[in-house]
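Student: Sending over a structure as structure tokens; questions will come in a sec.
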Number of protein chains: 2
Amino acid sequence: MDFSSKLLENAVYEMSQLPGIGKRTALRLVLHLLKQPKEQTERLSNALLNLRSEIKFCENCHNISDVAVCEICANPKRDRSLVCVVEDIRDVMAIENTSQYKGLYHVLGGKISPMEGIGPQDLTIGSLVDKARKGEVKEFIFALSSTMEGDTTNFYIYKQLKGLDINTSTIARGIAVGDELEYADEVTLGRSILNRIPFEGSLKAN
Amino acid sequence: MDFSSKLLENAVYEMSQLPGIGKRTALRLVLHLLKQPKEQTERLSNALLNLRSEIKFCENCHNISDVAVCEICANPKRDRSLVCVVEDIRDVMAIENTSQYKGLYHVLGGKISPMEGIGPQDLTIGSLVDKARKGEVKEFIFALSSTMEGDTTNFYIYKQLKGLDINTSTIARGIAVGDELEYADEVTLGRSILNRIPFEGSLKAN
């Protein structure tokens, strides 16, 4: 693209560095900002700068937080013996929305992925093992996505925890509530039959 | 969405004010910036702030420009008697890419659209009429999109220019080069038959 303005070209280039935003979309977004009051651009830029410079990660669970220890870890009502291991803050938000979980979290910051050059040392696995050694945690719940990378990460952590007196579990995989059996994939349907639960137990979970 | 951080919530909110960016996409973009070096966020924010505070609009054609008179208007090789009327800078870029046009532009900044509350006074139509009165321009080429709003805007400008010794034309509508007739819509195909041109003339335009 041939811009008549270096300022515009630069703004479009930086915008197009965001994932999923191509040059054309970037131009559309930047021209939109030009048509809006100056204050909107200032609010957006300042919000991003403030976030990047002032954001903290919770000392305990590594979740994104404005303070040194996040709200969830600081809440005395949460069960400190239960720790749910997740990839990032989006998973924490999804689980919190269910209102079904009262334990703490441990945010790994990603999954082991040789393809993307992410090894165990890039994640917060060391801190997870330290947490396990302290003895307060009774159970780790693995809630990573069920992909090759997720399974690898689960297994790596499982091996690191060997020898420690700690239970590990993974969230249930099965047919989603409301889904029809005929459209389910075979692996999921197969697992949901193998891992069936007593009917009375299923009544408890609303 | 329930965020654990006000800083994050604020950044996601501002990002989701951009057109076509929902809350989920905004969260994905912001989390991406958090994973990248701090400098990337600074470059993006500064590029947007600089653009918004320092951008100028060309005194002559109202196109986005870093200087008071844009490169195209300042170029002595361009034909000053020919002015192409377009909606915004994207149209200028598209026409410049064809390398077929050697005249100047007049950027309206939008189309007359009662639905969006855009009237003639919100566009640079006054300046266009002033330009016409000065007598240097011999022909205005209307190159707005062929929608209800585009046609209304063309007609409004046409009426304003009445009585002045100025030619007006619109860009040719027809079957796109490389398109198959059977897939063309009826209006376009109908117009392209009515507005047929001598075969010899068609050989000139590469």
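Student: Go through (1) of a type in the set (Ser, Thr, Tyr); (2) within 14 Å of chain A (Cβ to nearest Cβ); (3) in a helix (DSSP H, G or I) for B:Tyr101 and report which single condition fails.
Tutor: Evaluating B:Tyr101 over (1) of a type in the set (Ser, Thr, Tyr); (2) within 14 Å of chain A (Cβ to nearest Cβ); (3) in a helix (DSSP H, G or I) leaves (3) as the failure.
Student: Here's a follow-up. Might you let me know whether the range B:150-160 holds any residue that is within 18 Å of B:Asp79 (Cα to Cα), of a type in the set (Phe, Trp, Tyr) and surrounded by 13 or more Cβ atoms within 10 Å (Cβ to Cβ)?
Tutor: Scanning the range B:150-160 turns up no residue that is within 18 Å of B:Asp79 (Cα to Cα), of a type in the set (Phe, Trp, Tyr) and surrounded by 13 or more Cβ atoms within 10 Å (Cβ to Cβ).
Student: For the structure I just gave you, tell me whether A:Tyr156 is over 12 Å from the mean Cα position of the chain (by Cα), in a loop (DSSP other than H, G, I, E, B), at pLDDT 90 or above and closer than 26 Å to A:Thr188 by Cα.
Tutor: no
Student: If A:Asn195 satisfies every condition in (1) loosely packed, with under 13 Cβ neighbours inside 10 Å; (2) within 16 Å of the chain's Cα centre (by Cα); (3) among the polar types (S, T, N, Q) but one, which is the exception?
Tutor: The failed condition is (2).
Student: Related question: Please go through the range A:40-65 and give me each residue that is at the interface with chain B (Cβ under 8 Å from one of its Cβ atoms), surrounded by fewer than 18 Cβ atoms within 10 Å (Cβ to Cβ) and either in contact with a strand residue (DSSP E or B) (Cβ under 6 Å, 6 or more places away or on another chain) or part of a loop (DSSP other than H, G, I, E, B) (or both), ordered by number.
Tutor: A:Ile55
Student: Within the range B:102-132, how many residues turn out to be at positive phi and either out of contact with any His (no Cβ under 7 Å at 6 or more places or on another chain) or among the acidic types (Asp, Glu) (or both)?
Tutor: Final tally of qualifying residues: 2.
Student: How many of the residues in the range B:129-153 are part of a loop (DSSP other than H, G, I, E, B) and in contact (Cβ under 8 Å) with a residue 40 or more places away in the chain?
Tutor: Matching residues across the range B:129-153 total 6.
Student: With the requirement that a residue be touching a Lys or Arg at 6+ places or on another chain (Cβ under 7 Å), within 11 Å of chain A (Cβ to nearest Cβ) and among the charged types (D, E, K, R), what does the range B:66-79 give you?
Tutor: B:Asp66
Student: Going by what's in this entry, would A:Gly117 be described as out of contact with any Gly (no Cβ under 9 Å at 6 or more places or on another chain) and assigned by TED's automatic domain parsing to the domain that holds A:Thr98?
Tutor: It is true that A:Gly117 is out of contact with any Gly (no Cβ under 9 Å at 6 or more places or on another chain) and assigned by TED's automatic domain parsing to the domain that holds A:Thr98.
Student: Now for a different question. Being touching a helix residue (DSSP H, G or I) at 6+ places or on another chain (Cβ under 7 Å) and not hydrophobic (A, V, I, L, M, F, W, C) is the filter; apply it to the range A:91-111 and report the residue that is surrounded by the most Cβ atoms within 10 Å (Cβ to Cβ).
Tutor: A:Tyr105
Student: Another question, if that's okay. Which of the residues belonging to the range A:24-39 are under 28 Å from the mean Cα position of the chain (by Cα), more than 7 Å from every other protein chain (Cβ to nearest Cβ) and either farther than 19 Å from B:Val92 by Cα or touching a residue at least 12 places away in the same chain (Cβ under 8 Å) (or both)?
Tutor: Listed by number, the list holds a single entry, A:Ala26.
Student: Just name the residue that is surrounded by the most Cβ atoms within 10 Å (Cβ to Cβ) out of those in the range B:112-126 that are part of a loop (DSSP other than H, G, I, E, B) and free of Cβ contacts under 8 Å to residues at least 40 places away in the same chain.
Tutor: B:Leu123
Student: Return the residue satisfying two criteria in turn: it lies in the range A:1-39 and is out of contact with any helix residue (DSSP H, G or I) (no Cβ under 7 Å at 6 or more places or on another chain) and part of a loop (DSSP other than H, G, I, E, B), and of such residues it is surrounded by the most Cβ atoms within 10 Å (Cβ to Cβ).
Tutor: For the range A:1-39, the residue satisfying everything is A:Ser5.
Student: Please verify whether B:Glu139 is in the same structural domain as B:Ser81 (by TED's automatic domain parsing), within 21 Å of B:Ser113 (Cβ to Cβ) and of a type in the set (D, E, K, R), treating the condition exactly as stated.
Tutor: no
The values are calculated or read from the model by the stated rules, or taken from the named source; none is laboratory data. Not measured: the values here are computed from a predicted model. Cβ coordinates were reconstructed from backbone atoms using ideal geometry, including for glycine residues, and neighbour counts include every protein chain displayed.
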